[in-house]
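*Asks:* Structure incoming, see below.
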């Protein structure tokens with residue numbers, strides 16, 4: 001690594017179709033010395049139980065309608081994921097290795113809060129509606145009965161299932177992408193992985209899938225929590241703790257997909273903030289071979305298809321200046337009138353949070 005520092009924990013917090021896998025490839029994480037991603041997925045420790053919520057139909061009902069058994073089993077699955085993550089972190093600490101993981105924001109959020117947010121957003125015109133206080137259920141705080149993590153404080157003022165003390169051990173990066181590019185891309189992938197190739201979407205299903213996986217509500221909430229935390233440390237301390245001797249950035253970091261796809265400058269600057277070896281960065285590569293693709297499950301093949309087929313960054317995916325009126329007409333043609341209208345509403349609802357985050361992004 002270019003700037004030897006005490007090993008740290010870096011967390012790339014994302015949502016579907018942001019280009020997070022592209023960023024990981026460009027950073028050459030698997031070629032960086034003394035850096036671990038923990039598993040072949042590059043993280044995503046909490047994705048399995050979150051993904052199981054959908055086929056069980058749990059996001060289609062208010063949390064108050066969950067059975068006690070459904071809630072307890074889900075908590076147990078999340079706790080198992082946390083144990084796996086903590087095992088990795090402990091091993092990395094013993095070996096003096098830096099950790100770089102990515103995780104989707106949805107799986108980090110307490111299911112009770114997430115389900116009630118989905119229920120409200122599905123019946124209200126604004127995704128900013130007040131989230132209801134969930135009914136009595138399991139203690140969703142992970143890491144033990146009090147939420148403590150190896151002696152770390154167990155206060156819980158953030159929106160995730162993780163304690164404040166645990167979150168403070170991470171240096172977070174939030175990757176975002178224009179909703180008018182991320183949302184339709186997500187629906188196209190879902191069409192092949194969950195809707196059996198049909199273009200006839202239920203508007204209720206679109207609303208639920210999008211609000212559960214594509215909303216920027218939770219990304220902004222966690223970003224604001226981290227921003228307040230780092231502000232309390234003071235700029236000098238935050239910079240020093242980030243191991244960034246040339247002061248190239250301030251935590252938390254926001255990356256916009258357009259900036260990543262436009263060229264090398266932002267990626268190089270970000271790599272230096274992390275202390276990575278910039279000689280290991282990749283801006284071109286070989287397309288995945290057929291055998292490698294065939295060994296992946298169907299969902300992975302579809303969601304990674306653009307990256308697997310590519311040999312370099314596809315700048316045709318850049319959002320640029322978008323005319324939402326023109327895009328919405330195209331969505332109605334592609335997905336049908338009702339589904340296109342729902343998609344347009346979801347994109348417009350997300351724009352305020354997207355613009356807020358984009359204004360604070362890392363620049364070249």
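Computed from the coordinates by the stated procedures, all read-outs in this text should not be read as laboratory data. All values derive from a computational prediction rather than experimental measurement. All Cβ positions, even for glycine, are placed from backbone atoms using ideal geometry, and neighbour counts span all protein chains on display.
*Asks:* Set the Förster radius R0 to 25 Å, insert the Cβ-Cβ distance between residue 326 and residue 283 as r into 1/(1 + (r/R0)^6), and round the FRET efficiency to 0.05.
*Replies:* Efficiency, from the Cβ-Cβ distance: 0.20.
*Asks:* Using 7 Å Cα-to-Cβ label points, what is the residue 39/residue 62 separation (nm, one decimal)?
*Replies:* Reported label-point gap for residue 39 and residue 62 is 3.4 nm.
*Asks:* Test of understanding: what is the full-extension gain from residue 94 to residue 69, defined as 0.36 nm times their sequence separation minus their Cα-Cα distance?
*Replies:* Roughly 5.3 nm would be gained on extension.
*Asks:* Taking square-rooted eigenvalues a ≥ b ≥ c of the alpha carbon gyration tensor, is segment 10-53 rounded, prolate or oblate, where a/c under 1.5 means rounded and, failing that, a/b exceeding b/c means prolate?
*Replies:* oblate
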